[in-house]
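Here's the structure we're looking at; comments come further down.
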Amino acid sequence: MTTHVFHRTPERPAIATRARGIEITDAEGKTYIDSSGGAAVSCIGHGDPRVVEAIAKQAATVEYAHTGAFTSEPAEALAERLCRSTTLPLDKVFIVGSGSEAVETAVKMARGYHLARGDEGRHRVIARRQSYHGNTLGALARGGHVARRTPFLPMMPEALLVDPCFAYRHALPGETPEAYGLRAADSLEAEILRLGPDTVSAFLAETVVGATTGAVPPVPGYFRRIREICDRYGILMISDEVMCGVNRCGPFFAIEEDGAAPDIVTLGKGMGGGYQPIAAAMCTAAVHDAYSDAGRSFVNGHTYMAHPVACAAALAVQDVIRDDGLAARVAPMGEKLRQRLESRFGNHPNVGDIRGRGLFQAIEIVADRDDKTPFAASDGMAGRIFDACRDLGLLVYPGSGTVDGIRGDHLLVAPPYNVTEAQIDTIVARLGDGVDAGLAQVGR
């Protein structure tokens, strides 16, 4: 079949023809369990009629109005809902169309904050190695995803990257989680001093790292130390929760568990649940008021920002989460998922780590469990296992370069918040069979 779509891979993928609940069916009639919600997107499952109705109703009312002239009722209601949903002191919401846009918005927002205060020298953004913040050049330039950055390095400024918080790979033998967290966080202070504090605008970090290393949570105390360092040098703290936020880990924002309040938070995937493309950057009143007090506009417009239909869809998704009590299910169902993963892979010779929070879990595949040696990049283990799982009717989210951007493999599982115990059992069973089938291809 001829295609005029410029697909991401040389081969055209299967055509999805139906999606309901946790399942997607292709044009050949094969049905898959969507155990990762794409890239941790489908938080309430596919095809919820309440969201479909909200989209149709808004499209028939006001389908589009440029934000240079109008706001809309769904945008105003959604912003209010988001601010009320978190325990963090976030007061304003800038609504855009994707996670990459949200991150670029956050970075620009931080720069504008400093300009409004007269700190014109603050322009640098520090991030972490083994991080991912989006695929546009501006977001990619602030990330540490080696494979995605490499083709475009000549087009980007040098990334300013400090140590990740990745205890499985970087904690020293005998080092407590708390001591490791302080050591990892202190690399930020060292970089600030190297660059000059008056040149640094913000520090950007995923609360629970997603695509690059696979559901890696911070150790206790890490983000509290990060907050202290940012405050000491007048730097804004940006938490990237595009993947791990909106109840994916339990609380509305994952960082609510970590005792630190960021100045800006990005969110996206769970905001609209895949029903419409939408994301946002939320900030404190102090960040917003720096603009208004200086009579300064935020120069960062997008044609489809705060799109009325997308906002109506996202608001409906948040209604479903509230009305069905889905947020309260994430922690207990996440614990059941962890128990099943531990039971299936806890003694597996090629699974080095099982990690995550809530319904955001991953397994790391290794060649040697005892010394954590990864497979060679040429083995393509994550891709092999993904293909094997797909053949078994299971969709997972694979990642390569887990260890250093080149070597290492992981598989991420992020089912919808209404996943059942029976579905979790099937997911883990098929994942186990897929892991074994992929390993068998390289003689394991």
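Within region 108-118, how many residues are crowded, with 21+ Cβ neighbours inside 10 Å, out of contact with any helix residue (DSSP H, G or I) (no Cβ under 7 Å at 6 or more places or on another chain) and within 22 Å of I278 (Cβ to Cβ)?
Of the residues in that region, 1 qualify.
Out of region 314-327, which residues are more than 20 Å from the chain's Cα centre (by Cα) and either closer than 18 Å to K269 by Cβ or in a helix (DSSP H, G or I) (or both)?
A316, D319, V320, R322, D323
Answer yes or no as to whether A312 is closer than 25 Å to V246 by Cα and in the same structural domain as C165 (by TED's automatic domain parsing).
yes
So for region 243-253 (the condition being touching a Ser or Thr at 6+ places or on another chain (Cβ under 6 Å), surrounded by 24 or more Cβ atoms within 10 Å (Cβ to Cβ), in contact (Cβ under 8 Å) with a residue 60 or more places away in the chain and within 18 Å of G97 (Cβ to Cβ)), does at least one residue qualify?
No - not one qualifying residue is present in region 243-253.
Is it the case that some residue within region 413-422 is among the polar types (S, T, N, Q), in the same structural domain as E23 (by TED's automatic domain parsing) and buried (at least 24 other Cβ atoms within 10 Å of the Cβ)?
No.
Out of A40, A27, A77, which single residue is on the phi < 0 side of the Ramachandran plot and in contact with a helix residue (DSSP H, G or I) (Cβ under 9 Å, 6 or more places away or on another chain)?
Among A40, A27, A77, only A77 is on the phi < 0 side of the Ramachandran plot and in contact with a helix residue (DSSP H, G or I) (Cβ under 9 Å, 6 or more places away or on another chain).
For A205, indicate whether it is closer than 22 Å to R357 by Cα, buried (at least 18 other Cβ atoms within 10 Å of the Cβ), in contact (Cβ under 8 Å) with a residue 12 or more places away in the chain and in the same structural domain as G234 (by TED's automatic domain parsing).
yes
State yes or no: is V51 assigned to a helix (DSSP H, G or I) and in contact (Cβ under 8 Å) with a residue 24 or more places away in the chain?
Yes; evaluated as a whole, the condition is true for this residue.
Consider only pairs whose beta carbons are under 6 Å apart and that are at least six residues apart or on different chains; among these, list those whose first residue lies in region 398-417 and is farther than 14 Å from F386 by Cα and without any contact (Cβ under 8 Å) to a residue 40 or more places away in the chain and whose second residue is surrounded by fewer than 23 Cβ atoms within 10 Å (Cβ to Cβ) and small (G, A, S).
Final answer for the pair search is R407/A377.
Could you tell me whether any residue of region 68-82 is closer than 25 Å to A328 by Cβ and within 19 Å of the chain's Cα centre (by Cα)?
Yes, that holds for at least one residue.
Kindly indicate whether V299 is among the aliphatic types (A, V, I, L, M) and either over 19 Å from E80 (Cβ atoms) or outside any helix (DSSP H, G or I) (or both).
Taking the combined requirement at face value, the residue satisfies it.
Considering only region 64-74, I want to know if a residue exists there that is surrounded by 23 or more Cβ atoms within 10 Å (Cβ to Cβ) and not acidic (D, E).
Yes - at least one qualifying residue is present in region 64-74.
Restricting to region 370-390, name every residue that is surrounded by fewer than 22 Cβ atoms within 10 Å (Cβ to Cβ) and either without any contact (Cβ under 8 Å) to a residue 12 or more places away in the chain or more than 30 Å from P416 (Cα to Cα) (or both).
Listed by number, the residues that qualify are D370, D371, K372, T373, A376, A377, S378, D379.
Quick check: anything in region 24-31 aliphatic (A, V, I, L, M) and either farther than 30 Å from E206 by Cα or in the same structural domain as L394 (by TED's automatic domain parsing) (or both)?
Yes; the residues of region 24-31 include at least one that is aliphatic (A, V, I, L, M) and either farther than 30 Å from E206 by Cα or in the same structural domain as L394 (by TED's automatic domain parsing) (or both).
The values are calculated or read from the model by the stated rules, or taken from the named source; none is laboratory data. No experiment lies behind these values; they were computed from the predicted model shown. Here the Cβ is made from the backbone with ideal geometry for all residues, glycine too, and neighbour counts use every protein chain on show.
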